[in-house]
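Single-structure report; data block below.
The values are calculated or read from the model by the stated rules, or taken from the named source; none is laboratory data. These numbers were taken from a predicted model, which means no experiment stands behind them. Heads up, the Cβs are rebuilt from the backbone with ideal geometry, glycines too, and the neighbour counts pull from every protein chain shown. Areas reflect the complete protein model, heavy atoms only, side chains present, ligands, DNA and RNA absent. Shrake-Rupley method; radii C 1.70, N 1.55, O 1.52, S 1.80 Å.
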Amino acid sequence: MRNVTEDNKGTSGIDTVELFLAHALTLENEAADGYQEIGDSMAVHNNPEVAALFFQMAKYGRMHADEVKGLAAGLTLPHIPPWEYAWQDGASPESPSMDKVHYMMRPAQALALALRAERQAHGFYASVAETSKVHRIRDLAAQFASEEAEHVRLLTEWIAKYPDPDQHWDFDPDPPAMPE
Ligand code: ZN
């Protein structure tokens with residue numbers, strides 16, 4: 001079974017504030033873009049309730065990205081080639097898995113998807129906070145980890161508000177035409 005440490009093997013190599021902020025900026029931007037895309041899709045498919053949840057999550061990602069840009073003011077962030085990021089599987093930790101998106105997704109499922117992304121983001125920052133050799137990076141990462149923990153807490157609250165969908169949640173009497 002994978003765990004936080006295995007998923008984030010590369011975090012001990014994040015040894016400059018610039019490199020850490022570059023990782024954080026990509027993570028937050030990709031999270032915001034992913035949430036926005038899912039929200040747009042939900043809105044198009046007439047699921048405004050779920051769309052609103054994802055737009056809210058996208059907003060958090062953009063706010064966090066702005067915070068990172070503020071911290072990076074006066075610094076030159078490195079351009080990191082995709083294969084050199086500290087995360088292992090190519091996708092940044094907070095980008096929601098688009099393959100799990102369904103146009104009839106219910107709030108409970110959308111929230112579960114977002115929760116998974118937020119937990120991964122928390123895991124990434126927590127791992128940096130534990131493994132970096134640089135004090136300033138450990139401090140920043142711990143601060144970001146606690147913000148992600150707050151998102152996890154918030155989502156957990158939302159999840160409690162929405163009942164589990166019944167087993168026929170994806171039954172559509174008039175399904176959209178799907179390309180082959
Ligand atoms: Zn977050």
Exercise for review: Within the stretch 16-54, track down each residue that is among the β-branched types (V, I, T), buried (at least 22 other Cβ atoms within 10 Å of the Cβ) and over 16 Å from the mean Cα position of the chain (by Cα).
Suggested key: V50
Practice item. Might you let me know whether the stretch 105-116 holds any residue that is within 18 Å of Y35 (Cβ to Cβ) and assigned to a loop (DSSP other than H, G, I, E, B)? Key: yes
**Study point:** Filter result (more than 11 Å from the ligand (Cβ to nearest atom) and touching a residue at least 40 places away in the same chain (Cβ under 8 Å)) within the stretch 62-71
**Key:** V68, K69, L71
Check your understanding: Is it fair to say M57 is within 17 Å of the chain's Cα centre (by Cα), crowded, with 16+ Cβ neighbours inside 10 Å and at pLDDT 85 or above?
Key -> yes
Exercise for review: Within the stretch 74-83, identify whether any single residue is more than 16 Å from the ligand (Cβ to nearest atom), in a loop (DSSP other than H, G, I, E, B) and open to solvent by less than 10 Å² (accessible area, probe 1.4 Å), and answer yes or no.
Suggested key: no
**Study point:** Top-ranked residue in the stretch 12-61 [being free of Cβ contacts under 8 Å to residues at least 40 places away in the same chain and of a type in the set (D, E, K, R); ranked as farthest from the ligand (Cβ to nearest atom)]
**Key:** D40
Exercise for review: Would you be able to tell me the number of residues in the stretch 13-68 that are under 28 Å from R106 (Cβ atoms), in a helix (DSSP H, G or I) and not hydroxyl-bearing (S, T, Y)?
Suggested key: 32
Practice item. Output the residues belonging to the stretch 139-180 that are at pLDDT 95 or above, over 24 Å from L111 (Cα atoms) and open to solvent by 70 Å² or more (accessible area, probe 1.4 Å). Key: D139
